[in-house]
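Single-structure report; data block below.
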Amino acid sequence: METRNYTTQMDAARKGIITEEMKIVAKKENVSEEFIRAGLADGTIIIPANKNHKSLDPNAIGSKLKTKINVNLGVSRDCKDYDLEMEKVMKAVNMGAEAIMDLSSHGDTEIFRKKLCSECPAMVGTVPVYDAVIHYKRDLKELTAKDFIDVVRLHAQNGVDFVTVHCGITKKTVEQIKANNRIMNIVSRGGSLIFAWMSMTGNENPFYEYYDEILDICREYDVTVSLGDACRPGCLADASDLVQIDELTRLGELTKRAWEKDVQVMIEGPGHMPMDQIAANMKIQQTICKGAPFYVLGPLVTDIAPGYDHITAAIGGAIAAASGAAFLCYVTPAEHLALPNLEDVAQGIVASKIAAHAADIAKGVPGARDQDDRMARARRKLDWDAQWLEALDPETAKAIRNSRLPEDDHSEACSMCGKFCAVRSINKALAGETIDIL
Ligand code: SF4
């Protein structure tokens, strides 16, 4: 059996060791193994890879690498079929999701978590504070700080690759929220639970107070800490306010403490945010958190499009990723409205993939535009089969074309311009052929 002479991927990198995971991701990213090792050593690249997640096909996250996307799933009171949820997971992975966050909130969550960690090739993330209430089946205020930390340990043992821990919200934040008159106060589910727990018990945030214990657990299993943004703005009016930036400053300090223990870190980010503030926010995060990968939840660039928030998030996500964010959390059309169904999940993934890909082209990821160039050549030749090969969602593209083919010539143009097809006209003109429009 293989014996590891390192604890985490970061520890290995700092010792000059190239791990199997580093070799795999270097190939996928088309960069050298040394590039990955150096990024892991200084914290600008992470490979969330729990020692106990045996089915993992590893991926790296970092602003100079391909932008990755996460899909939130999990069993809930309204969808408690483990096999059906697992089907959604595999569909998400097949559509290109590099990470699945298990936000299960019903029944015995450990069963699904273990199933996920034994079958899912994508990175698995969780939010232990959600699970604490379900796991102990006790009221929030009855839970102790130790209970919360024990759930982090359980998730680590189960094989989870990254945990969202809302360590940046403290008693000081409670006062700030009360004093700052935000429109949406706190919209982070985990953040609101911790806020409520602190308000009811009068105690400090256990994830902040016992952060060193959390780091020891993460170091033992190589779980990446995803520093949650409890105070992410939940509407445009709250964006970039004192509460958000103050929490980010604390996340910067916590990043440094994690790195001192060789624990991998990423930082979660906004939220809702006007387009003109996104690039500046990415810069501030990179400066305060010393280049730790940024994981953004949107950002949603307007508040008025319920039913279309996969689009508002994709616009913000593309700007964020082109400006330095490394990891996008998908948003579905059901955001703010309902639990997403299978179709919503698919729509959300496609929107996120478009945002991630557009950003990769803008930031010059090696080879990112190759597929676009192949698509352009196929379009020039009106080669529809070649176009389906390059399409992000070929089934949808094919179905639209085939549902309304041009009347007389099915092989060439589409029914958008028919005989006025510009591509066809130019091809014929350049070949010295007659253009038959009538
Ligand atoms: S008919 Fe118009 S839209 Fe369709 S392929 Fe030709 S130029 Fe493009």
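Every number in this text was worked out from the coordinates using simple rules, so none of it is lab data. As the structure is a computational prediction, the values presented were derived from the model and not from experiment. So basically every Cβ, Gly included, is an ideal-geometry build from the backbone, and we count neighbours across all protein chains shown.
Under 5 Å between amide hydrogens, which residues at least 5 positions from CYS235 or on another chain qualify, with H placed 1.01 Å from N in the peptide plane?
Under 5 Å from the amide H of CYS235 lie the amide H atoms of HIS272, each far enough along the sequence or on another chain.
In nanometres, what is the gap between the two model label sites at ILE437 and SER118, each 7 Å from Cα along Cα-to-Cβ?
6.7 nm
Any chance you could tell me what percent of the C-alpha pair distances in the chain go past 33 Å?
Above the 33 Å cut-off, the chain has 36 percent of its Cα pairs.
Could you identify which residue out of ASP229, ASP262, ASP385 has the top mean-square fluctuation in a GNM of the chain using Cα springs shorter than 10 Å?
So, out of ASP229, ASP262, ASP385, the one fluctuating most is ASP385.
Residues of the stretch 35-51 with the amide nitrogen closer than 20 Å to a label point 7 Å from the Cα of ASP370, along Cα-to-Cβ, please.
35-36
Would you kindly compute the Cα radius of gyration of the stretch 370-430 and its largest Cα-Cα separation (Dmax), both in Å?
That works out to 11.7, 33 Å for Rg and Dmax.
Per DSSP H run of at least 4 residues, take -39500 (n - 2.57); add these up for the chain, divide by its residues and hand me the 222 nm value, nearest 500 deg cm²/dmol.
Result for the chain, helices only: -15000 deg cm²/dmol.
If I take every Cα pair under 8 Å that is 6 or more residues apart in the chain, average their sequence separation and divide by the length, what percent do I get for the relative contact order?
14 percent
Would you please put 340-351, 149-160, 387-398 in order of how densely packed they are, using the mean number of other Cβ atoms within 10 angstrom per residue and starting with the highest?
149-160, 340-351, 387-398
For the stretch 178-301, what percent of Cα pairs sit more than 22 Å apart?
The calculated P(r) of the stretch 178-301 puts 36 percent of pairs beyond 22 Å.
Can you tally the net charge around GLN347? Count Lys and Arg as +1, Asp and Glu as -1, for every other residue whose Cβ sits under 15 Å from the Cβ of GLN347.
So the environment of GLN347 carries a net charge of -3.
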